[in-house]
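Taking it in order: structure first as structure tokens, then the write-up.
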Amino acid sequence: MHSFHYQRGKLTCESYPLDKAAERYGTPLYVYSSQTIVDHYKRLDQALHELHHEICYAVKANSNLAVIRLLAEQGAGFDIVSGGELYRTIKAGGNPAKCTFAGVGKSREEIEYALRCEVLSFNVESEQELSAINEIAKSLNKRAPIAIRVNPDVSANTHKYISTGKTENKFGIAIDRVPEVYQRARTFTNIKIRGVQMHIGSQITESRPFVQAIEKMLPLVHKLKSDSGIEFFSIGGGIGIVYRGSLESGDEVWWKQDEPKHALTIQEYASATVPLLKGLQIRVLLEPGRFLVGNAGVLLSRVLYVKRTPAKTFVIVDAGMNDLIRPALYQGYHEIVPVRESKDRPLTKVDVVGPVCESGDFFALDRELTEVEPGEVLALMSAGAYGFTMASNYNSRPLPAELLISGTEAKIVRRRQSYADLISMELTDG
Ligand SMILES: *Cc1c(COP(=O)(O)O)cnc(C)c1O
């Protein structure tokens with residue numbers, strides 16, 4: 001369940017009214033609920049209690065230090081994809097010995113840095129990378145812990161940009177090549193084989209792809225346990241969340257009528273996967289990102305203008321694709337609701353668009369929305385994952401602030417950028 005609800009006519013996060021947040025801290029503003037993040041972590045942890053497991057939060061979903069710290073306090077490990085994410089994670093109190101390092105293009109500097117920090121595992125995505133890690137470890141007089149990322153060739157049934165487990169994707173090593181690669185890895189003096197890993201995609205809303213992938217992996221995991229002494233099997237992340245109707249429904253009921261699709265509940269996920277994994281008698285790692293933080297955040301934005309043309313009505317808001325790129329990049333859907341409850345207002349069909357000079361700069365097209373006025377604050381729901389982390393300074397727009405709510409308390413966990421921040425790294429002669 002998430003913690004965004006109308007109370008006395010106002011949308012609140014936990015017990016903090018969001019109109020007050022917009023008034024105090026300005027817009028566009030990301031607002032996160034600490035209660036929701038902790039609750040999602042605990043529910044996942046509980047659902048997997050029959051397994052010897054470790055939840056490694058995928059930092060790229062939301063890498064604010066306060067979010068990392070909150071999860072570190074719950075005992076989470078972390079899945080990182082860059083040296084920068086490792087740096088952040090350590091700064092926020094995350095334990096590097098619980099960090100897995102993923103990604104197809106780790107640089108020499110990143111590998112050295114992660115070796116010095118003694119991460120749990122490098123999740124290796126190619127044979128050249130394996131050799132490179134071995135060489136770098138040798139030069140530092142270390143042994144690099146590794147897992148091979150397997151590409152199991154299953155369809156995740158999700159948007160093509162976030163599908164990662166098919167042979168045509170750049171990720172991992174094809175499952176039939178994998179035994180040979182482990183054999184090679186065993187001959188490397190500065191490699192320590194620690195596990196095996198997969199991650200088939202993101203925003204997966206049914207259990208079937210997870211089951212198919214795990215079933216495909218089982219014989220391999222058994223074999224690697226005896227041949228290579230692996231200690232863990234990481235089944236990746238990818239658990240989908242509800243975007244449509246996410247306000248009315250909390251996070252585990254039906255999608256809106258126009259999409260009679262059931263979102264994956266954590267119980268469904270666990271009851272489909274745990275029985276398959278239990279028999280392996282191995283430590284199971286998970287790498288959820290979106291599931292933990294997606295429904296724990298909203299983006300608040302103020303309506304600047306309502307522009308009526310013969311073809312369309314445009315609601316022009318002060319957030320843009322630079323603040324939240326999911327609609328432009330993946331046709332991502334975000335529920336949009338006024339912070340002031342709108343019971344008696346008529347619905348109109350509108351495009352909700354930002355100020356950026358791109359026609360792709362929209363949050364909703366031909367959406368039935370309650371009539372809104374300039375000055376009014378809207379909440380773009382379910383923006384806690386792949387929201388701020390994908391934000392940019394395009395159009396020289398300062399990055400928004402981030403606010404973390406805990407009960408009645410609100411804390412700015414990242415201040416809004418200023419114009420001076422925008423140019424502070426540029427070198428001029430003047
Ligand atoms: C992005 C990523 C994840 C997290 O995906 P979610 O869909 O946010 O759960 C997990 N593992 C790897 C290797 C990733 O790249």
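The values are calculated or read from the model by the stated rules, or taken from the named source; none is laboratory data. It should be emphasised that the depicted structure is a prediction, and the values quoted were computed from it without experimental measurement. Note that we place each Cβ from the backbone using ideal geometry, even for glycine, and neighbour counts take in every protein chain shown. When the accessible area is computed, the model is the full protein with side chains, heavy atoms only, and any ligands, DNA or RNA have been set aside. Shrake-Rupley method; radii C 1.70, N 1.55, O 1.52, S 1.80 Å.
Residues in the range 271-286 that are open to solvent by 10 Å² or more (accessible area, probe 1.4 Å) and either touching a helix residue (DSSP H, G or I) at 6+ places or on another chain (Cβ under 7 Å) or under 20 Å from PHE101 (Cβ atoms) (or both): ALA272, LEU276, ILE282, ARG283. Taking the range 145-171 as the range and being open to solvent by less than 20 Å² (accessible area, probe 1.4 Å) and hydrophobic (A, V, I, L, M, F, W, C) as the test, the residues that pass are ILE146, ALA147, ILE148, VAL150, VAL154, ALA156. The residues listed here are GLU54, GLU73, GLU112; of these, the one that is more than 16 Å from the chain's Cα centre (by Cα) and in contact (Cβ under 8 Å) with a residue 60 or more places away in the chain is GLU54. Counting only residues that are within 19 Å of ILE173 (Cβ to Cβ), acidic (Asp, Glu) and either open to solvent by 20 Å² or more (accessible area, probe 1.4 Å) or not assigned by TED's automatic domain parsing to the domain that holds HIS199 (or both), the range 84-134 holds 1 of them. Of all residues in the range 61-98, those satisfying the criterion of being within 16 Å of the ligand (Cβ to nearest atom) and more than 20 Å from LEU115 (Cα to Cα) are ALA61, ASN62, SER63, ASN64, VAL67, ILE68, LEU71, ALA76.
If you check VAL154 against the conditions, is it away from the ligand (no atom under 11 Å from the Cβ), over 24 Å from ASP45 (Cα atoms) and of a type in the set (A, V, I, L, M, F, W, C)? Yes; evaluated as a whole, the condition is true for this residue. So for the range 263-278 (the condition being farther than 22 Å from PHE233 by Cα and more than 13 Å from the ligand (Cβ to nearest atom)), does at least one residue qualify? Yes, the range 263-278 contains a residue that is farther than 22 Å from PHE233 by Cα and more than 13 Å from the ligand (Cβ to nearest atom). A single entry from ARG8, ARG43 fulfils the requirement of being of a type outside the set (Val, Ile, Thr), surrounded by fewer than 20 Cβ atoms within 10 Å (Cβ to Cβ) and within 30 Å of ARG340 (Cα to Cα): ARG8.
Would you mind stating whether LEU11 is in contact with a Leu (Cβ under 9 Å, 6 or more places away or on another chain), more than 16 Å from the ligand (Cβ to nearest atom) and in the same structural domain as GLY103 (by TED's automatic domain parsing)?
Judged against the criteria, LEU11 is not a match.
For VAL293, the stated conditions do not hold, so it cannot be described as open to solvent by less than 10 Å² (accessible area, probe 1.4 Å), away from the ligand (no atom under 16 Å from the Cβ) and among the β-branched types (Val, Ile, Thr). Among what's in the range 157-211 and is of a type in the set (A, V, I, L, M, F, W, C) and within 11 Å of the ligand (Cβ to nearest atom), pick the residue that is nearest to ALA132 (Cα to Cα). If we take residues in the range 157-211 being of a type in the set (A, V, I, L, M, F, W, C) and within 11 Å of the ligand (Cβ to nearest atom), then PHE171 is nearest to ALA132 (Cα to Cα). The single residue among PHE291, PHE314, PHE388, PHE363 that is over 26 Å from GLU402 (Cα atoms) and among the aromatic types (Phe, Trp, Tyr) turns out to be PHE314. Condition first: in contact with a Ser or Thr (Cβ under 8 Å, 6 or more places away or on another chain) and not in a loop (DSSP other than H, G, I, E, B). Now tell me which residues in the range 389-402 satisfy that. THR389, the sole residue that qualifies. Filtered by the rule that a residue be open to solvent by 90 Å² or more (accessible area, probe 1.4 Å), out of contact with any strand residue (DSSP E or B) (no Cβ under 6 Å at 6 or more places or on another chain) and in contact (Cβ under 8 Å) with a residue 24 or more places away in the chain, the range 344-376 gives CYS357, GLU373.
For the range 136-147, the set of residues classified as touching a residue at least 40 places away in the same chain (Cβ under 8 Å), out of contact with any helix residue (DSSP H, G or I) (no Cβ under 8 Å at 6 or more places or on another chain) and more than 25 Å from ILE282 (Cα to Cα) consists of LYS138 only. Please work out if HIS40 is closer than 26 Å to PHE233 by Cβ and assigned to a loop (DSSP other than H, G, I, E, B). For HIS40, the condition - closer than 26 Å to PHE233 by Cβ and assigned to a loop (DSSP other than H, G, I, E, B) - is not met. As a summary of the residue check, LEU140 satisfies the conditions (1) away from the ligand (no atom under 16 Å from the Cβ); (2) of a type in the set (A, V, I, L, M, F, W, C); (3) buried (at least 19 other Cβ atoms within 10 Å of the Cβ) except for the one numbered (3).
Please determine, by comparing only the residues of the range 43-57 that are in contact with a Phe, Trp or Tyr (Cβ under 8 Å, 6 or more places away or on another chain) and outside any helix (DSSP H, G or I), which one is farthest from the ligand (Cβ to nearest atom).
Looking at the filtered set, the residue picked out is GLU54.
Out of the residues in the range 182-219 that are within 30 Å of ASN141 (Cα to Cα) and surrounded by fewer than 17 Cβ atoms within 10 Å (Cβ to Cβ), state the one that is nearest to the chain's Cα centre (by Cα). Across the range 182-219, the extreme among qualifying residues is LYS192.
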